[in-house]
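Note sheet for the following structure.
The values are calculated or read from the model by the stated rules, or taken from the named source; none is laboratory data. Computed from a predicted structure; not experimentally measured. Cβ placement follows ideal geometry from the backbone for every residue including glycine, while neighbour counts extend to all protein chains displayed.
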Amino acid sequence: MPRSSTARKSAEPDRSAAAHRQAALLRLSTEIAAAHDEEGIYRSVVHGLHDEALGYNFLGVFLLDPESGDRVLQASMGWPDVPDAWRVHRGEGLSEQALLDGELHYTADVTRESRYLPSLASGSEVDVPLRVDGTTIGVLVVESAEPNAFGGEDFEILNAAANQASIAVGRARLLASERRRADEHKALLDTMADLSAELELSRVLQAVLVRAVSLLGVTGGEVAIWEEEAQELVVLASQNIGKDSTGTRLKPGEGAMGTVARTQEPIIIPSYAEWLGRSTKYSDLTIHSVMAAPLLIGRRLVGAIATIHADPEREFGPEDMRLLNLFAPQAAIAIENARLYTEAQRQKQYFEELLQNSPVAIVTLDRDYSIVSCNPNFESLFGYSSDEAVGRNLDELITTEATRTEAEQYTREALDRAVHGIGRRQRKDGTLVDVEVLGVPVIVDGERVGLMGLYHDITELLRARQEAEAANSAKSQFLASMSHELRTPLNAIIGYSEMLQEEAEDLGHAEFGGDLQKIHTAGRHLLSLINNVLDLSKIEAGRMELYLEDFDASTMIDDVVTTVRPLVDKNSNSLEVEQADDLGSMHADLTKVRQMLLNLLSNACKFTEGGAITLAAERGKDNGREIITFSVRDTGIGMTPEQMERLFEAFSQAEASTTSKYGGTGLGLAITRRFTNMMGGDVQVVSAPGEGSTFTIRLPAAVEAAPAT
Amino acid sequence: MARILLVEDNEMNRDMLSRRLERKGFEITMAVDGREGVEMAKAGDYDLILMDMSLPEIDGWEATRQLRAAPDTERTPIIALTAHAMAGDRERALEAGCDDYDTKPIELDRLLSKINALLEKNT
């Protein structure tokens, strides 16, 4: 309480004045504590001390500007006409001393101090420092118009007030910093919300950029995405950099973003105009400093972000880098999400196209078997439009009473597993349609959400099959009657020619023998051709059956040899038979085994002249199975590998030219191979041109009954 | 001279086979279908019967069964004549009671050896 104050001339405090001062100090404390921010605190301090009970009439709070060293007025009372934020420069005024040493300073007569700045109250002055966390941040200045106005009690009061204010300021600053962090946090959360709310990439990036620009307090900025194919950055979002730069393309290393794209490290460029890496694409803009960061997913570059200061006074610091690094991952995720979303969209579109254009009728059902969707082919197959079908129970819609139960069974099963079948369904117009049905459960994230039904109209297919079956049956009928009709006259030709030969000999007309023999041989040949064609037809039609019986292999061989003897003699060949003693009996199709051996032997006779033919047979084991091996070896013309390749195919003699020379249909070996396969064996050939051929048939000694092939 | 009953519906086959067998010294009687074959076999005393299997009226298998069931003919040797490709016919012929079989078209030497074997066995 300044002794010179007009409120109390007397230096002697009375009890009531003391009570008033206590009350004023209490109010002061309360107001300081109630202040919301620094500004409020300073105002509370000067207001509280200006109280009549205390009598401090001229006072103010200055804060130190650390950069300039100036003191800047925050709040004052009693000084008329001082400007807001009045700046007292470094080196001026008495109050600087308290700032420098952090102590209270009392100047009893200011007029005697050269550094005193003249003001209205040019008597005495007290300067009390404000200290927060050990640092002097400002000064409380209290003046009196009269010299020697302040004493010890004043110093106590002013110190206490300054302390209270300092503590409050420290708390307020902490709070503000917390708030700022909370704001950052909120901005990030908002950004993430944007990411899910808006998937159009440029808009998301623009939103991210706007927040980053706002939070960093920069002039503007840009976000670019990395185009893998072009190996370039493309600016997608541009905010307040002096022009709309979207669409600008930057090579790696070009400009700030191109540089961070290449280095994958953030960068601060204090003076862009002097920076060697600057891009000419921004030369028309006022850019003072730039801070840029790469956008990465893991170590993969997806883009870059840059912020600029146009104001030469502003510079980027570590705190700005920290903030930018908070935003960079968000922008990177946005880009990645957009890419994934585009990909997903493309796939969705792809599948929708498939569904729309599928030649199969497709319908999807929910768990209650109600139709959720159907494709155009479903509409055309059953005659219901999508609007008519959706929401209806599928089986009620397209089945008849006769097929309903079966169809519902299918549908229920299809909720659990894939179901495949053939059935008859009803169209809207009441007509029936034969369909192949495929039902499959639709499982999303492990949960059965319904099922999908695919219908394939098989009316044409069934008709074609019926026609094919009818045709096949007609063919079989034809072949059977052919067999009879062709063979009957042929038997007459063969029989009569043979008989005539015998008669001619008996009657002494041997001269006819040769011609009659030719007729007989030709007839036999024709018969074997017909038989072969019929056999092959039966095999191809799957109608050739095995008649398995037990027979003695040696007897069968003797029989075959007797039959083939005339052919052997014809080309002056010799035939040797090598039979193992233990040959024993076989269980197989006797007729077919005979036929195969006759085929091989007659071939050997046909393609060998004046040579040796050997028929060998032995019993052996193959994989624990008893087998009989027959081989027919000749010393004839042999074959090239190329000829052997097509040997067992139907209608393929080794070469067309051989047909004219040697005759035959080229069916014998094809039939032989099919017969051996039917009986679970095989036939092989070893040959070389001019070195004869060896055909080997291996058959199980006991052929197992198998379905007809 | 052995007496043979030839049951065959095809005229040319009948003619050929009968003439060829007659030239080899057999006495041939002919029936044109299964029913006639059975009647004649029962009525006459034949040393051997050549039975075509696909016959009108009564087929060869049924005719054979009937002959085997009749006391006069139960022991008469019967050779079934079957078509080449019809492999299943053989077993059916043997099951029906035939003693042997041969395939058409006839190879005379082979058939003769079968005929002679059965005739020798029966004497």
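Restricted to the range A:579-644, the set of strands (runs of 3 or more DSSP E) holding at least 3 residues that are farther than 23 Å from A:Leu548 by Cα and at pLDDT 90 or above comprises A:612-622, A:625-634.
Residue by residue through the range B:75-99, note down the ones that are among the acidic types (Asp, Glu) and modelled with pLDDT of 90 or more. Give the derivation first.
Looking only at the range B:75-99, we keep the residues that are among the acidic types (Asp, Glu), and these are B:89, B:91, B:95, B:99.
Of everything in the range B:75-99, just one residue is among the acidic types (Asp, Glu) and modelled with pLDDT of 90 or more, namely B:Asp99.
Residues of the range A:488-497 that are closer than 18 Å to B:Ala83 by Cβ and either more than 7 Å from every other protein chain (Cβ to nearest Cβ) or in contact with a Leu (Cβ under 6 Å, 6 or more places away or on another chain) (or both): A:Pro489, A:Leu490, A:Ile493. Cβ contacts < 7 Å: first residue free of Cβ contacts under 8 Å to residues at least 12 places away in the same chain and farther than 17 Å from B:Glu107 by Cα, restricted to the range A:508-531; second residue surrounded by 13 or more Cβ atoms within 10 Å (Cβ to Cβ) and of a type in the set (Val, Ile, Thr), any location; separation 6+ or different chain. Result? Within 7 Å, no pair qualifies.
Away from chain B (no Cβ under 14 Å), within 26 Å of B:Glu91 (Cα to Cα) and of a type in the set (Gly, Ala, Ser), is that true of A:Gly584?
Details: away from chain B (no Cβ under 14 Å): yes; within 26 Å of B:Glu91 (Cα to Cα): yes; of a type in the set (Gly, Ala, Ser): yes.
Yes.
A single entry from A:Glu254, A:Glu222 fulfils the requirement of being at pLDDT 90 or above, buried (at least 17 other Cβ atoms within 10 Å of the Cβ) and in contact with a strand residue (DSSP E or B) (Cβ under 7 Å, 6 or more places away or on another chain): A:Glu222. Of the strands (runs of 3 or more DSSP E) lying entirely inside the range A:23-128, those carrying at least 2 residues that are hydrophobic (A, V, I, L, M, F, W, C) and crowded, with 22+ Cβ neighbours inside 10 Å are A:58-64.
For the range A:566-578, give me each residue that is in a helix (DSSP H, G or I) and either of a type outside the set (A, V, I, L, M, F, W, C) or more than 14 Å from chain B (Cβ to nearest Cβ) (or both).
In the first step, residues of the range A:566-578 are kept if they are in a helix (DSSP H, G or I); the result is A:566-570.
Passing the criteria: A:Pro566, A:Val568, A:Asp569, A:Lys570.
When A:Thr399 is tested against the conditions (1) of a type outside the set (A, V, I, L, M, F, W, C); (2) touching a strand residue (DSSP E or B) at 6+ places or on another chain (Cβ under 8 Å); (3) on the phi > 0 side of the Ramachandran plot, the lone failure is (3). Would the range A:350-357 turn up any residue that is on the phi < 0 side of the Ramachandran plot, surrounded by 13 or more Cβ atoms within 10 Å (Cβ to Cβ) and more than 25 Å from the chain's Cα centre (by Cα)? Checked against the condition, which is being on the phi < 0 side of the Ramachandran plot, surrounded by 13 or more Cβ atoms within 10 Å (Cβ to Cβ) and more than 25 Å from the chain's Cα centre (by Cα), the range A:350-357 yields no hits at all. Quick one: A:Val560 ticks every box in (1) under 60 Å from the mean Cα position of the chain (by Cα); (2) within 14 Å of chain B (Cβ to nearest Cβ); (3) of a type in the set (A, V, I, L, M, F, W, C) bar one, so which box is it? Only one criterion is unmet by A:Val560, namely (1). Restricting the range B:1-18 to residues that are within 13 Å of chain A (Cβ to nearest Cβ) and not in a helix (DSSP H, G or I) leaves a set whose member that is nearest to the chain's Cα centre (by Cα) is B:Glu8.
Entry remark, the range A:529-557: residues being within 13 Å of chain B (Cβ to nearest Cβ), assigned to a helix (DSSP H, G or I) and more than 29 Å from A:Thr614 (Cβ to Cβ) number 5 in total.
Quick one: what pairs do we get from the range A:399-416, first residue touching a residue at least 40 places away in the same chain (Cβ under 8 Å), second buried (at least 18 other Cβ atoms within 10 Å of the Cβ) and of a type in the set (D, E, K, R), C-beta under 7 Å, 6+ apart or different chains? That search, which allows pairs on different chains as well, returns A:Thr411/A:Asp395.
Screening A:Ser385 with (1) surrounded by 15 or more Cβ atoms within 10 Å (Cβ to Cβ); (2) in contact with a helix residue (DSSP H, G or I) (Cβ under 9 Å, 6 or more places away or on another chain); (3) within 30 Å of A:Lys428 (Cβ to Cβ) gives one miss only, at (1).
Listed by position, the helices (runs of 4 or more DSSP H) contained in the range A:300-408 that have at least 2 residues being within 30 Å of A:Ala273 (Cα to Cα) are A:318-357.
For A:Glu319, state whether it is free of Cβ contacts under 8 Å to residues at least 12 places away in the same chain, out of contact with any His (no Cβ under 9 Å at 6 or more places or on another chain) and more than 30 Å from A:Arg181 (Cβ to Cβ). Spelling it out, it is not the case that A:Glu319 is free of Cβ contacts under 8 Å to residues at least 12 places away in the same chain, out of contact with any His (no Cβ under 9 Å at 6 or more places or on another chain) and more than 30 Å from A:Arg181 (Cβ to Cβ).
All of (1) more than 10 Å from every other protein chain (Cβ to nearest Cβ); (2) assigned to a helix (DSSP H, G or I); (3) under 30 Å from A:Glu549 (Cα atoms); (4) among the hydrophobic types (A, V, I, L, M, F, W, C) hold for B:Leu21 with one exception: (3). Considering only residues of the range B:93-106 that are facing another protein chain (nearest Cβ under 8 Å) and not basic (Lys, Arg), which is nearest to B:Arg20 (Cα to Cα)? That would be B:Ile106.
For the range A:1-52, taking the residues that are of a type in the set (A, V, I, L, M, F, W, C) and at pLDDT 85 or above, the one that is farthest from the chain's Cα centre (by Cα) is identified as A:Leu49. Just wondering, is there one or more residues in the range A:598-620 that are more than 26 Å from A:Leu667 (Cβ to Cβ) and among the basic types (Lys, Arg)? Yes, some residue in the range A:598-620 is more than 26 Å from A:Leu667 (Cβ to Cβ) and among the basic types (Lys, Arg). Residues of the range A:501-528 that are within 11 Å of chain B (Cβ to nearest Cβ) and under 27 Å from A:Met482 (Cβ atoms): A:His520, A:Gly523, A:Arg524, A:Leu527, A:Ser528. For the range A:444-487, name all the residues that are of a type in the set (D, E, K, R) and not in a strand (DSSP E or B). Within the range A:444-487, A:Asp445, A:Glu460, A:Arg463, A:Arg465, A:Glu467, A:Glu469, A:Lys475, A:Glu485, A:Arg487 meet the criteria. Within the range B:41-53, the set of residues being in a helix (DSSP H, G or I) and buried (at least 17 other Cβ atoms within 10 Å of the Cβ) comprises B:Ala41 only. Taking the range A:625-644 as the range and being charged (D, E, K, R) and in contact with a strand residue (DSSP E or B) (Cβ under 8 Å, 6 or more places away or on another chain) as the test, the residues that pass are A:Arg625, A:Glu626, A:Arg633, A:Asp634. Of the residues making up the range B:48-59, those that are at pLDDT below 90, within 14 Å of chain A (Cβ to nearest Cβ) and touching an Asp or Glu at 6+ places or on another chain (Cβ under 7 Å) are B:Met53, B:Leu55, B:Pro56.
Name the one entry in B:Asp89, B:Asp109 that is within 10 Å of chain A (Cβ to nearest Cβ), buried (at least 20 other Cβ atoms within 10 Å of the Cβ) and among the acidic types (Asp, Glu). The conditions single out B:Asp89.
When we screen B:Glu120, B:Glu36, B:Glu74, B:Glu62 for residues that are free of Cβ contacts under 8 Å to residues at least 24 places away in the same chain, assigned to a helix (DSSP H, G or I) and either within 14 Å of chain A (Cβ to nearest Cβ) or surrounded by fewer than 21 Cβ atoms within 10 Å (Cβ to Cβ) (or both), the only hit is B:Glu120.
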